[in-house]
Amino acid sequence: MQYRNEWKYEVSGGDLVVLGARLAPLLAADRHHRPGGYAIRSLYFDDMQNSCMRENEAGVDDRRKYRIRLYNGDTSVIKLEIKEKLRGMTHKTSCTITPEQCRGIMQGTPPPIGPDTPRPMNLLSVAMRTRNMAPKVIVEYERTAYIGRLGNVRVTFDRNISASAAVARFLEPQVPLTPILPAGQHVLEVKFDEFLPDPVAQVLELGRLRRTAFSKYYLSRLVLAGPLAERVKEYEF
């Protein structure tokens, strides 16, 4: 199982303009791109004890996240993803599910388990049956992504990150959203295998970037919790 490095930074809109101009000659645009990038909507799961959230807060190194993802609001292609973290590195497995399967999962029906069932469905099914894993929050944002073969590098700009507790409306065209970051603040993510190519590393050097343990899921839960929102001020910024 191949794990990858994943570095995250909080950046301004101005930083993204500069970085985008620098990266364009070096890396190709992601295949999902349309003018201005593309939209991502993710439905995150947790158990009754909010274990995923608590593990993130405690910095537990060996952990797993479950989510369902849409691109550009297209419900004809729905991805079930399992993201695993181990010793500071990440690994993601995914499979395609139908809208009917998605609705069943959202309503609490575990997917069938079997030798021919994709691994993400088996893992989620076990978690739903043994831990009461269920949808907790929707996270939505706009992404611009750059990719390169050398180092299998992928650089993404995530803008206007927002959250919604209306999990039953995940497949609807629009859901009510609450921004989780102050205006003008966005997230830069840098993913690579064993090494980050020097040209890319040099381009990303702005002299003021600071790595963060930013988690869209965790911060979304904090913001939507109301009284807990004050804790956002303490979260890596």
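Which pairs do you get when a residue that is at negative phi, found in the range 109-126, comes within reach of a residue that is among the aromatic types (Phe, Trp, Tyr), reach meaning Cβ atoms under 8 angstrom, with the pair 6+ apart or on two chains?
123/66; 124/45; 124/66
When you look at residue 87, is it basic (Lys, Arg) and at positive phi, yes or no? Don't jump to the end; show me each part of the working.
Working: basic (Lys, Arg): yes; at positive phi: yes.
Against the criterion (basic (Lys, Arg) and at positive phi), residue 87 qualifies.
Please go through the range 169-184 and give me each residue that is out of contact with any Cys (no Cβ under 8 Å at 6 or more places or on another chain) and either farther than 13 Å from residue 141 by Cα or not hydrophobic (A, V, I, L, M, F, W, C) (or both), ordered by number.
The first filter runs over the range 169-184 and keeps only residues out of contact with any Cys (no Cβ under 8 Å at 6 or more places or on another chain), leaving 169, 172-184.
Within the range 169-184, 169, 172, 173, 174, 176, 178, 179, 182, 183, 184 meet the criteria.
Looking at 126, 137, 153, 190, which is the one that is of a type in the set (A, V, I, L, M, F, W, C) and within 20 Å of residue 75 (Cβ to Cβ)? Steps first, please.
Details: 126 fails: within 20 Å of residue 75 (Cβ to Cβ); 153 fails: within 20 Å of residue 75 (Cβ to Cβ); 190 fails: within 20 Å of residue 75 (Cβ to Cβ).
Among 126, 137, 153, 190, only 137 is of a type in the set (A, V, I, L, M, F, W, C) and within 20 Å of residue 75 (Cβ to Cβ).
How many of the residues in the range 207-225 are polar (S, T, N, Q) and crowded, with 17+ Cβ neighbours inside 10 Å? First the steps, then the outcome.
Start the filter on the range 207-225 by keeping residues that are polar (S, T, N, Q), which leaves 212, 215, 220.
Narrowing the set further to residues that are crowded, with 17+ Cβ neighbours inside 10 Å leaves 215, 220.
Selection size over the range 207-225: 2.
Could you grab me the full set of residues in the range 114-146 that are among the hydroxyl-bearing types (Ser, Thr, Tyr) and touching a strand residue (DSSP E or B) at 6+ places or on another chain (Cβ under 8 Å)? Walk me through how you get there before you give the answer.
The initial filter retains those residues of the range 114-146 that are among the hydroxyl-bearing types (Ser, Thr, Tyr), namely 117, 125, 130, 141, 144, 146.
Answer for the range 114-146, where residues must be among the hydroxyl-bearing types (Ser, Thr, Tyr) and touching a strand residue (DSSP E or B) at 6+ places or on another chain (Cβ under 8 Å): 141, 144, 146.
Limited to the range 191-237, what total is found for residues that are in contact with a strand residue (DSSP E or B) (Cβ under 9 Å, 6 or more places away or on another chain), at pLDDT 90 or above and more than 14 Å from residue 153 (Cα to Cα)?
Count: 8.
Yes/no per residue for (1) open to solvent by 20 Å² or more (accessible area, probe 1.4 Å); (2) farther than 25 Å from residue 65 by Cβ; (3) without any contact (Cβ under 8 Å) to a residue 24 or more places away in the chain:
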| site | (1), (2), (3) |
| --- | --- |
| 5 | yes, no, no |
| 17 | yes, yes, yes |
| 22 | yes, yes, no |
| 31 | yes, no, yes |
| 36 | yes, yes, no |
| 47 | no, no, no |
| 51 | yes, no, no |
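Please go through the range 84-105 and pick out each residue that is open to solvent by 40 Å² or more (accessible area, probe 1.4 Å) and closer than 13 Å to residue 69 by Cβ.
Residues satisfying the conditions are 92, 94, 96.
State all residues of the range 71-82 that are closer than 21 Å to residue 127 by Cβ and either modelled with pLDDT under 95 or surrounded by fewer than 13 Cβ atoms within 10 Å (Cβ to Cβ) (or both); if no residue qualifies, say none. Write out each step before concluding.
Of all residues in the range 71-82, those closer than 21 Å to residue 127 by Cβ come to 78-82.
Of everything in the range 71-82, nothing turns out to be closer than 21 Å to residue 127 by Cβ and either modelled with pLDDT under 95 or surrounded by fewer than 13 Cβ atoms within 10 Å (Cβ to Cβ) (or both).
Of all residues in the range 107-133, which are within 21 Å of residue 50 (Cβ to Cβ), surrounded by 17 or more Cβ atoms within 10 Å (Cβ to Cβ) and in contact with a Pro (Cβ under 6 Å, 6 or more places away or on another chain)?
125, 128
Please indicate, with yes or no, whether at least one residue in the range 156-168 is farther than 18 Å from residue 17 by Cα and at pLDDT below 95.
To start, the set of residues in the range 156-168 that are farther than 18 Å from residue 17 by Cα comprises 162-168.
Okay, now just the ones that are also at pLDDT below 95, so none.
Checking the range 156-168: not a single residue is farther than 18 Å from residue 17 by Cα and at pLDDT below 95.
The values are calculated or read from the model by the stated rules, or taken from the named source; none is laboratory data. This structure is a prediction, so every number in the text was calculated from the model and none was measured. Don't worry about glycine lacking a Cβ; one is built from the backbone with ideal geometry, like all the others, and counts go over all protein chains shown. Accessible surface is based on the protein model in full, side chains and every heavy atom, while ligands, DNA and RNA are left aside. Shrake-Rupley method; radii C 1.70, N 1.55, O 1.52, S 1.80 Å.
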